[in-house]
Amino acid sequence: MSGSGAGLVVDSIVRVFSGQTAVDHVSFEVKPGELVALVGASGSGKTTTLRIVAGYEQADTGRVLYDGQDITRLGPSKRDFGMVFQHYALFPHMSVAENVAFGLEARGVSRSERMQRASAALDRVGLGGKGARMVQQLSGGEQQRVALARAAVIEPRLLLLDEPLSNLDPTLRQSTRDELRTTLKESKAPALFVTHDQDDAFAIADRIVLLSRGRVLQDGSPEDLYDRPATRDVAMFIGHATLIPARRTGDFATVSIAGAMHRVVLSSFTGIADGETGAVVLRPEAVEIARDDGGDQWSATVIARRFAGAQFVYRLRLDADIVFDVASRERIETGAAVAVRVTRPVPMVP
Amino acid sequence: MTVPVWFGGRSRAERMATLAALPLLLILVWTVIYPNVAVIMGSVGHWREFAESPSDVEALKNSIIIAVASVAASLAIGVPLAFLLTRFDFPGRTVLRAAALLPAALPPLVGVISFLFLYGDTGVITRVVQIALRLKDVPWHLNGIGAIIFIHAYTMYVYVYLFVSAGLERYEASLDEAAIGLGAGTLRRLTRVTLPLLTPAIAGSALLVFMSALGSFSAPYVFGGGVRVLSTQILNSKLNDAIGLAYVETTVLAISAVAGLLLFRWLEGKRAYVAAGKGGASRQPVRSRWARIGLATSAALIVLVLVLPHLMIVLVSFAKDGAWTTQVLPPEYTTHNYAGLFTENQLWTPIRNSIVMSLLATAGNVVFCVAGAYLIVTRKFSGRRLLEALVALPWAIPGTAIALGLLATFNKNDLSTGKVLLVGTFWILPLAYFVRDIPLVSQAVEGSLKQMDPSLEPAARGLGASWWMAVRRVVLPAARPGIVAGALLACVTAVGEFVASIVLYTHGNRPISIEILAQLRSYAFGTASAYSALLIGLVLIMALAARFAESRMQ
């Protein structure tokens, strides 16, 4: 990767903690105006990567560049990035406005100007008029917005967010996602945020960098990762998928279920040559319970049923000991034999 | 209208708790409140005497100057040391960390004596410096306000170091990272974020130092020279039979202490917020070669300074009495000093006295404080806050003042005024130790009980356990770490107690500290040091026992 790109370039960084490789040759970019999510399970190295970008950790090897300038060894206070910490790290002895104004104070901005800018920043996150409160008087969601305002008011070159939604309760989380994307887009600064939740990443990010065990599994748009997963691990992590062994034949894959051969249409098959084996990625929305004789049908047994409001979710067992979920509005008893069919092209992974 | 069952039930439980608290409150009123009242009553008519005595006015001024300067000196040592040891990694860190607590193992009088051996006019360090610089006279005199502040700084910085270290361990590391990320330099981060957030720890430890320094007796008594402070004035007045004046001085000392307490609480209250996080700051390894060498050397030097008093006591405890005159180090050594303690009746009596009296006081503390803490933590009743305040009160009263209070109360048999004659008997010292250690043991037990899930006892009762079974099987096991820690601490403090003892002892119940002073006065340095080493050994054994008990309960 060259260092000439505008925005953030992370170039093959490595970080080893007492023998454990936390970050293993990770490379990606954040282009001007882009919202990028670092997604992975705990222990995937996503937070360490973010802390290396912020400057709180040092990479053992590799480089971090911004607008072509090597900032690998630059201290965190010199990078001009704004960071939102997982637990917000709001200063408990300062008022909301003083918290937001702190970065301006450090930059020598006069008191009257910084209070004015802090109050404008609070307006933008919908906390106008709450500047005089102490931070503990605010709710979790409000504290999150103060942290965002504090990071954004210094007009950073890049916003960094560590699990920005993980401390919010589920209902608040839904609405905050959209707000967060709007605020980040309005701030014009590119943003890099870490999350373990693919729904957060889908809702907010323009691009997702999926990490596992310190390595980048796939780097692409949310649609790319969902529709065209590059590996089994990506397919397993993104969406609710069941993998079924298959062999590719042209644009089709052949799967064998209890001795019977079935054909499914493929939507993508990156890196699999014709005739090679791999696995097809079956997601609930690609399968339906058949009510007529049409198409290629697979027989299955209902082993569990869960009521999900608008519909039921059935857990089905294919004869070949493969279990997957299907949604249906119909009521079927547990233990019943049903026929299912694949209704749309599915991705295949090596 | 009938009273609902649940209401009647609750008020009955409250009545039971109040009833159970009543004897505890009575004991506290009798041994803590009444003595103070008696002192104040006794002071009436002598205040003009106090105001017109230049030495008393000077003593008040000196006491406050010494207390404030001791706070400043302890902060100046304790805060940087806490930062150094919790934030940085360098060669010698673990040794320095262990040595930093050593001054806490010196009972008050023992610390003073060891400083005399080291830095006094004929002290080892004094002579070494004098010889090295080829001075005609000694380079300094260990007396006056400066000397008192010097030894206070050595013994009391430990409070600051412990409090601030604990604060830094809990300190949320991301707060500092946030400040750095927002562009703050080291100075701004320290003054605007880190130190303000450590204010509760700093203020709490400063208060402890203030109270200890204000009531300090040993240092001014042994090498204050001509310096008058309130605590020594009290003893002087008492010995001169000017008991009324002693009561005035006691009242002034107690009022100063309580005023200091209120001042610090007010300062702390102004910064009421919770700054505790999950911690997580990692220690920065010091990388620069010269910084590492510099830190390692300083660490070695500091450890030496910290350990010297203990070494000195042990060394002199083997010195032959009377042989050490003009030499830098004692010239002749013997084990006779120790043998004497256990074989000569005169020398053994104080050891037996101290052990018996401290065990009696501690046993009383455990029974009393467990009952009190149980009621305070697990029950709601009228009088709860009063009980809570009264068990903490002796902490705010300097030892000399407590002793004078007991002197004013337990000086004759007169049931109409609630007075019982204990002064001049064996029992007055165990009582004094008991009163002084109530806050210590109560706080330890309350701490343990507060960590217990409050629904455990009701749960046990709900399963059919009797009250006693629930207490025995659920409450006491939960309180055990606090009971053990509190009992050991109380025992250690009582065994080495000096301040109240010197006011109240008789020849028959003289404790170790009084005997140390007597031996010192007759220039039997070896014997005095053997007693001191015994006390240090006891403190270390109890500290290890407490740690062992704690780790076994994890």
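The values are calculated or read from the model by the stated rules, or taken from the named source; none is laboratory data. What you see is a predicted model, and the numbers here were worked out from it, not measured in a lab. So basically every Cβ, Gly included, is an ideal-geometry build from the backbone, and we count neighbours across all protein chains shown. To get the accessible areas, we keep the full protein, side chains included, count just its heavy atoms, and leave off ligands, DNA and RNA. Shrake-Rupley method; radii C 1.70, N 1.55, O 1.52, S 1.80 Å.
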Just report the Cα centroid separation between the stretch B:124-175 and the stretch B:84-99, whole Å. 18
Given points 7 Å out from each Cα along the Cα-Cβ axis, report the A:Ser42 to A:Ser18 separation in nanometres with one decimal. 1.8
Could you tell me whether the stretch B:466-540 comes out rounded, prolate or oblate from its Cα gyration tensor? Rule is a ≥ b ≥ c as square roots of the eigenvalues, rounded for a/c under 1.5, then prolate if a/b exceeds b/c, otherwise oblate. prolate
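For B:Val158, B:Val484, give the ranking by accessible area with the largest first, probe 1.4 Å. Each step should come with its number before you reach the end.
Working: B:Val158 5, B:Val484 45 Å².
Reading off the accessible areas and sorting them downward yields B:Val484, B:Val158.
Using only the Cα atoms, work out Rg/Rh for the stretch B:155-208, with Rh taken as the Kirkwood radius, to two decimals. Walk me through the intermediate numbers first.
Values: Rg = 12.3 Å, Rh = 11.7 Å.
Taking Rh as the inverse mean 1/r over Cα pairs, Rg/Rh reads 1.05.
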Taking the alpha-carbon distance from A:Lys46 and a cut-off under 24 Å, which lysines remain once sequence neighbours fewer than 8 residues away in the same chain are dropped? A:Lys31, A:Lys78, A:Lys185, A:Lys188, B:Lys278
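Kindly provide the trypsin sites (Lys or Arg not before Pro) of the stretch B:400-436 that DSSP labels as loop, not H, G, I, E or B, and whose Cβ sees at most 14 other Cβ atoms within 10 Å.
Working: sites: B:Lys412, B:Lys419, B:Arg436; in loops: B:Lys412.
Those that pass, being in a loop and sparsely packed, are B:Lys412.
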Under a 1.4 Å probe, counting only protein heavy atoms, A:Ile272 has an accessible area in Å², nearest 10, of 10
Percentage, to the nearest whole number, of Cα pairs in the stretch A:241-349 over 16 Å apart: 57
To the nearest 20 debye, what is the magnitude of the charge dipole of the stretch A:8-227 about its Cα centre, counting +1 on the Cβ of each Lys and Arg and -1 on the Cβ of each Asp and Glu? 740
Taking each residue in A:97-104, count the Cβ atoms of any other chain within 10 Å of its Cβ, then average. What number comes out? 3
Between A:Lys185, A:Lys46, A:Lys78, which gets the highest mean-square fluctuation from a Gaussian network model of chain A, Cα cutoff 10 Å? A:Lys78
So if R0 is 45 Å, what FRET efficiency would B:Leu311 and B:Arg15 give, r being the distance between their Cβ atoms, rounded to the nearest 0.05? 0.15
GNM top mover of A:Asp319, A:Asp292, A:Asp123 - chain A, alpha-carbon springs below 10 Å: A:Asp292
Regarding chain B, what are the three Cα extents along the principal axes, ordered largest first, in Å? 95, 70, 51
If I take R0 = 45 Å and measure r between the Cβ atoms of B:Ser416 and B:Leu133 in this structure, what FRET efficiency does the formula 1/(1 + (r/R0)^6) give, to the nearest 0.05? 0.10
For the pairing of chain A with chain B, what total accessible surface becomes buried, with a 1.4 angstrom probe, in square angstrom to the nearest 100? 1900
Please report the projected area of the stretch B:295-360's Cα convex hull averaged over all directions, in nm². 7.1
Which loop trypsin sites (Lys or Arg not before Pro) in the stretch A:256-326, with loop taken from DSSP, have no more than 16 other Cβ atoms within 10 angstrom of their Cβ? A:Arg291
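Quickly estimate the mean residue ellipticity at 222 nm for chain B, helices only: each DSSP H run with n ≥ 4 gives -39500 (n - 2.57), and the total goes over all residues, rounded to 500.
Helix contribution divided over all residues of chain B: -23500 deg cm²/dmol.
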Give the average, rounded to an integer, of partner chain Cβ atoms located within 10 angstrom of each Cβ in A:156-163. 1
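Not counting the cut sites, what is the longest span of chain A without GluC sites (Glu not before Pro) that DSSP labels loop and that have at most 10 other Cβ atoms within 10 Å?
With GluC sites (Glu not before Pro) excluded where exposed in loops, chain A gives A:1-329 as its longest stretch.
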List the residue ranges in chain B for DSSP H helices whose C-alpha atoms run 30 angstrom or more along the long axis and whose Kyte-Doolittle average is -0.5 or above. B:5-28, B:54-87, B:144-170, B:243-269, B:289-317, B:345-378, B:428-451, B:525-553
Just from its helices, what would the mean residue ellipticity at 222 nm be for chain A, if runs of 4 or more DSSP H residues each count -39500 (n - 2.57) and the sum is divided by every residue, rounded to the nearest 500 deg cm²/dmol? -7000 deg cm²/dmol
Would you mind checking the tilt of helix A:170-187 against the longest principal axis of the Cα atoms of chain A, expressed as 0 to 90 degrees and rounded to 10? 60
Taking Cα pairs closer than 8 Å and at least 6 residues apart, the relative contact order of the stretch B:70-144 in percent is 16
In the stretch B:80-146, which trypsin sites (Lys or Arg not before Pro) are in a loop and have at most 14 other Cβ atoms within 10 Å, using DSSP for the loop call? B:Arg134, B:Lys136
On average, how much area does the Cα convex hull of the stretch A:163-294 cover when viewed from any direction, in nm²? 11.4
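Assigning unit charges at the beta carbon (Lys, Arg +1; Asp, Glu -1) and nothing else, what dipole magnitude in debye, to the nearest 20, does the protein assembly as shown show about its Cα centre?
Numbers: 84 positive and 70 negative charges, 237 e Å.
I would put it at about 1140 debye.
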Quote the accessible area belonging to A:Asp11 in square angstrom, nearest 10, computed with a 1.4 Å probe and with ligands, DNA and RNA left uncounted. 30
Give me the distance in nm between label points sitting 7 Å out from Cα along the Cα-to-Cβ direction at B:Arg265 and A:Asp123, one decimal. 4.6
Once both label points are put 7 Å beyond Cα along the C-beta direction, the B:Lys320-A:Glu330 separation in nm becomes 11.0
Determine Rg/Rh for the stretch B:366-504; Rg is computed over alpha-carbon atoms and Rh is the Kirkwood hydrodynamic estimate from the same atoms. 1.06
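If you take the square roots of the eigenvalues of the alpha-carbon gyration tensor of the stretch A:77-156 and sort them as a ≥ b ≥ c, do you get rounded (a/c under 1.5), prolate (a/b over b/c) or oblate? Present the calculation step by step, with values, prior to reporting the outcome.
Details: a/c = 1.59, a/b = 1.20, b/c = 1.32.
Judged from the Cα gyration tensor, the stretch A:77-156 comes out oblate (a/c at least 1.5, b/c at or above a/b).
What FRET efficiency do you get for B:Glu58 and B:Thr506 if R0 is 35 Å and r is their Cβ-Cβ distance, rounded to the nearest 0.05? Before the final figure, lay out the partial values.
Values: r = 32 Å, r/R0 = 0.90.
Rounded to the nearest 0.05, the efficiency is 0.65.
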Please determine, in degrees from 0 to 90 and to the nearest 10, the orientation of helix A:96-106 with respect to the longest principal axis defined by the Cα atoms of chain A, where the helix direction is its Cα long axis. 70
Roughly what percent of Cα-Cα pairs across the protein assembly as shown reach past 41 Å? 56
What percent do you get for the relative contact order of chain A when only Cα pairs under 8 Å and 6+ apart count? 16
Of all alpha-carbon pairs in the stretch A:8-227, indicate the percentage at a distance above 28 angstrom. 28
